[in-house]
2 protein chains.
Amino acid sequence: MTLKGIGIVRNAVKQAPGPGYNWQGIVSEIVVDSSLTEALGGLEGFSHIIVLYWMHQISTTQLPTKIHPQGRPELPLVGLFATRSPYRPNPIGKATVRLLERQGTLLRVEGLDATDGTPVIDIKPYLPEYDSVTNATVPPWVTNL
Amino acid sequence: MTLKGIGIVRNAVKQAPGPGYNWQGIVSEIVVDSSLTEALGGLEGFSHIIVLYWMHQISTTQLPTKIHPQGRPELPLVGLFATRSPYRPNPIGKATVRLLERQGTLLRVEGLDATDGTPVIDIKPYLPEYDSVTNATVPPWVTNL
């Protein structure tokens, strides 16, 4: 299972900030490979897209199995799959972001929590009926994040 | 960028059904690698999880760039990234599913749209505040799906 980069993130965040960083106001450009112009046709009809990206700055050797979410010792020690920590066997991030604009293979998005230079591996339209859940519940510690 | 399988899907769907198949009632087991028991700790506190999986039955050579969604000719011809078609440069599926039960490294989930034998590459907790969007809009053809 080998991934191909389909594009790259460009923004002002050059170094990975700590957990809890507020990405909401960050505008990024996703520069998609020029061979994929046609494959993006119609994406601009969606207000939001899902971006899968490869967290290339993350080392996946000697992974912890349990962590305190966001490195906060007051939060319970839970398994890495119960968190959104970037330290996971496959360092794939999944973000749902607002699509501000598409110009050919350039996508301007807001709120993408990826640093400058991050490889993008997939882009999907956000479909509320498929991607969102009503009445989902989370454990108490999540409400303290 | 090389992926490691972390588990495998087991269910009654042995062959990929056509588009539009109703996966909602399908219960699957995700059999996670036995080395990852601790890494799943606490996941059972979430009602829903996000599963990333590798659509191993999909050929990614000679990809179309534009398609009629779900192979329905009455729907507009759009770029593959404007659809959830499995035919994409990196055949990664992303599903949000109900977590019925965890027993060690066995996860019972409902509504996972992956066939029996599909490799799982990541599991994340579903966080409504991060993963869902209020007032997202989609193009008119999506409402006809």
### Query
Which of the following residues is under 19 Å from B:Leu36 (Cβ atoms) and either at the interface with chain B (Cβ under 7 Å from one of its Cβ atoms) or charged (D, E, K, R) (or both): A:Arg84, A:Arg10?
A:Arg84
### Query
How many residues are within 26 Å of B:Arg84 (Cα to Cα), assigned to a loop (DSSP other than H, G, I, E, B) and of a type in the set (Val, Ile, Thr) when one looks only at the range A:52-97?
1
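Being of a type outside the set (S, T, N, Q), at the interface with chain A (Cβ under 9 Å from one of its Cβ atoms), within 17 Å of the chain's Cα centre (by Cα) and surrounded by fewer than 21 Cβ atoms within 10 Å (Cβ to Cβ) narrows it down to one residue among B:Leu127, B:Leu63; which is it?
Working: B:Leu63 fails: within 17 Å of the chain's Cα centre (by Cα).
One residue alone meets the criteria, B:Leu127.
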### Query
Which of the following residues is part of a loop (DSSP other than H, G, I, E, B) and touching a strand residue (DSSP E or B) at 6+ places or on another chain (Cβ under 6 Å): A:Gly5, A:Gly18, A:Gly25?
A:Gly5
### Task
Exactly one condition in (1) under 17 Å from the mean Cα position of the chain (by Cα); (2) under 25 Å from A:Leu145 (Cβ atoms); (3) of a type outside the set (Gly, Ala, Ser) is not met by A:Val32; state its number.
(2)
### Message
I'm told A:Val109 meets every condition in (1) touching a Ser or Thr at 6+ places or on another chain (Cβ under 9 Å); (2) within 10 Å of chain B (Cβ to nearest Cβ); (3) of a type in the set (Val, Ile, Thr) except one. Can you identify the failing condition by its number?
### Response
(2)
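Within the range B:6-20, is even one residue hydrophobic (A, V, I, L, M, F, W, C) and loosely packed, with under 15 Cβ neighbours inside 10 Å?
Scanning the range B:6-20 turns up at least one residue that is hydrophobic (A, V, I, L, M, F, W, C) and loosely packed, with under 15 Cβ neighbours inside 10 Å.
Computed from the coordinates by the stated procedures, all read-outs in this text should not be read as laboratory data. Just so we're clear, the structure is a prediction, and the values are computed from it rather than from any experiment. In this analysis, Cβ positions are derived from the backbone assuming ideal geometry, glycine residues included, and neighbour counts consider all displayed protein chains.
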